[in-house]
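Read the structure below first, then the notes.
What follows is calculated from the coordinates using simple rules that are stated; it is not laboratory data. Here the structure is a predicted model, which is why all the values come from computation and not from measurement. Reconstructed Cβ throughout: ideal geometry from the backbone, glycine too, with neighbour counts over all protein chains shown.
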Amino acid sequence: MKKAVVLLSGGLDSATTLAIARNQQFACYALSVHYGQRHQSELIAAQHIARQLQVREHRLVTVDLSVFGGSALTDESIAVPTDDAAKDTIPITYVPARNTIMLSLALAWAETLACQDIFIGVNAIDYSGYPDCRPEYITAFEKMANLATKATIEGKKITLHTPLIHLSKSDIIHIGIALGIEYGATISCYQADESGQACGHCDSCRIRKAGFAAAGIADPTRYRV
């Protein structure tokens, strides 16, 4: 089996991405990142998902982006917004350089594993306005990855897989259900509490709720009363 490094946050999209990679017969190595996010219960969810989907190995790397702040997800002094963000602005929940850092970590692990495939669950349709979820960003990172490593200089091309990038949230949910994902165990909320209960009001919660409604599937998310 070919190896793949799969970025696994513990959320709906990353769990589905892992299931897709596994279904494509990749031997999956899951990578989660503790980046100083306020919703750290998602990392516990990632452990559960990694066990459920029987990954070859699951690693947790700590890179504390809260030392820089600049995001409601890493700076406790910035409130997580609970109203719709303006469509022409990047929301305050954007974490500067997060996907670039995570993909770089995945690239480093992939090279040590002699692995040429990396999966990330970015989405360009239902996404929240983040510049590092766009197809052109993914294309640029893949090009950089194939210039930057010993393995690629030796002819082992890196492929960056984004199986969800053009799917709606309801389509993603249908695929995950078909692949056996227990979505009740995933955490998408930007301010989930320690037990993993979601606020129900942040941008991520609203997108997730709308996705289940559009899919015609009961939302299994545990919300705070």
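At a glance:
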item: Surface/4 of the Cα convex hull for the chain, nm²; result: 11.8 nm²
item: For residue 57, residues with placed amide H under 5 Å, excluding near neighbours; result: 30
item: Cα long-axis angle, helix 203-215 against the chain (0 to 90 degrees, to the nearest 10); result: 90 degrees
item: Per-peptide average of other Cβ atoms within 10 Å, ordering 4-12, 71-79 highest first; result: 4-12, 71-79
item: Highest-MSF residue in the chain out of 42, 154, 142 [GNM, Cα springs under 10 Å]; result: 154
item: Computed over region 111-183: relative contact order in percent, which uses C-alpha pairs under 8 Å that are six or more apart; result: 42 percent
item: Where chymotrypsin sites (Phe, Trp or Tyr not before Pro) fall in DSSP loop in region 51-153, at most 15 other Cβ within 10 Å; result: 68
item: The chain: calculated mean residue ellipticity at 222 nm from DSSP helix runs of at least 4, using -39500 (n - 2.57); result: -11000 deg cm²/dmol
item: With Cα atoms, 0 to 90° folded angle of helix 41-52 axis to the chain main axis; result: 50 degrees
item: GNM top mover of 179, 160, 43 - the chain, alpha-carbon springs below 10 Å; result: 179
item: The chain: relative contact order in percent, alpha carbon pairs under 8 Å with at least 6 residues between; result: 24 percent
item: Residue with peak Gaussian network fluctuation, the chain [Cα springs, cutoff 10 Å], from 50, 27, 108; result: 108
